[in-house]
1. Is it possible to state the helix-based mean residue ellipticity at 222 nm for the chain, with each DSSP H run of 4+ residues giving -39500 (n - 2.57), the sum divided by total residues, to the nearest 500 deg cm²/dmol? What is it?
2. State, in angstrom, two size descriptors of region 210-339 derived from its alpha carbons: Rg to one decimal place and Dmax to the nearest whole number.
3. Relative to the longest principal axis of the chain, what angle (0 to 90°, nearest 10) does the C-alpha long axis of helix 201-215 take?
4. Largest first and to the nearest Å, give the Cα extent of the chain along each principal axis.
5. Between 0 and 90 degrees, rounded to the nearest ten: what's the tilt of helix 309-320 against the longest Cα principal axis of the chain?
6. Please provide three numbers in whole Å: the alpha-carbon extents of region 293-421 along the principal axes, with the largest listed first.
7. For region 103-140 and region 295-328, what is the separation of their C-alpha centers, rounded to whole Å?
8. Given H placed on each backbone N at 1.01 Å, which residues far from residue 327 in sequence or on other chains put an amide H within less than 5 Å of it?
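Rule-based calculations on the coordinates, nothing more; no lab input. Note that the structure is predicted; figures quoted are calculated from it, not measured. Backbone-built Cβ (ideal geometry, glycine too); neighbour counts: all protein chains shown.
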Amino acid sequence: MTSRLLIAAAHKSSGKTVISTGLSRALNMRGLTVQTFKKGPDYIDPMWLSLASGRPCYSLDFNTMTEQEIRNLLVSRSSGSDISVIESNKGLFDGVDLHGTDSNAAMAKLIKVPVILVVDTTGMTRGIAPLLIGYKAFDAEVNIAGVILNKTGGSRHEGKLRAAVEEYTDIPVLGAVGRSADLEIGERHLGLTTPVETGRIQALIAQLGQRMIDSVNVDALINIANTAADVTPAPHKVGNKYAQGLRIGVARDTAFGFYYPDDFEIFEAAGAELVFFDTINDQRLPDLDGLFIGGGFPETSMAALEANSQMRRDIGRAIADGLPAYAECGGLMYLCDTLEWNGRKHNMVGTIQGDAIMYDRPQGRGHTRLEASGDCLWQVEGGAFNAHEFHHAKVENLPNGTKFGFGVKRGSGISGAQDGVVVNNLMAGFCHMRNTEANPWVHHFLRHVLDVKARKNPA
């Protein structure tokens, strides 16, 4: 199997994404084909990793995937690459479960990958030694194979850190990345900024790659990655193209971009054609059999979304005429009557008779569990499944009698108890779904599209 390593940290906001993005580009600059992965449910970090490697980045998530699904995705998507880089989330031992069954450390053990620990060294010198000793002793089965000193304050600071690590631990220092404002990826209310929101993207990523080449022993990193043990996948199941000929529209632009690439691959494996369109710059909605509007940051583009009145009318008219549609988070907000943020309000599509209002603090965040209601537009095996949410918005002023496709067993959703507003053949909620064995939502949606099409055109 492809050599691989996991980039982890002692705590969140240590600079993992900057380091992982830079290393992915550095390895690419060395002539290697790099495959990237992100641990946990995430959309933004994978965008940066994908741009750095030139290949889609895939998420490995204990919340929605079985251990075998994680292994299968890792092995199958690493095929054809020289090295895989997996970026963790939060700290190495952090997770929801007290015993760490969903932690980055558990992921490292599951996929048999050596760990490179990124340490934010701000305000730290000799104290780095007990930190590393503690991390290595906490779980001896986790292979912490090297450390990268991040945000060092100069050669004197770096020298003290290196001396402490070498004197008290057996963990090799693979490099030191100095603190520099031009290497910071900006943060905002929903985490790291997306690549499409920053200027000079490729130049920035190339700069990150060169900094890693200059600051990190890339050869040693590759040698560590080569020590990863093999992971055994399950036999691949080949499905049939039951959705051949279906055209599924996907909104993808500066407002909407939160999608899992493997979900897109499931659409295509079933035979559907994905038709990407721009809600801001395209004047008309393409001819479609179904519509999917994912998450994103519609609030930062709400004036432009409002200005494209023809697209809003096309989408509203299509859903009113019965077009099967599914929307998540930002897509839900776009389909409401209005969107309000920072004291400004703009008109949106108006399919959902409610107002999306942005708040300073998250209104829903973390793992969720949903249960299909009697109004759900498709059948759910087992009735309930895990999903994910992270939104600063609430949908308010919904009319009495609003139908919801899901009850919320864990999480917030739209009302705290319900998610997935149902209007005609549309279902739209705050929770993000992932196509897995437990929740094959792509197949559910495609069969919903086929059912609607069959009712409209009976044989």
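1. For the chain, the value works out to -9000 deg cm²/dmol.
2. 20.4, 60
3. On a 0 to 90 degree scale, this one is about 20.
4. Computed over the Cα atoms, the extents are 74, 52, 41 Å.
5. 70 degrees
6. Sorted largest first, the three principal extents are 43, 36, 26 Å.
7. Cα centroid to Cα centroid, the span is 45 Å.
8. Residues meeting the amide H criterion: 293, 427, 428, 429.
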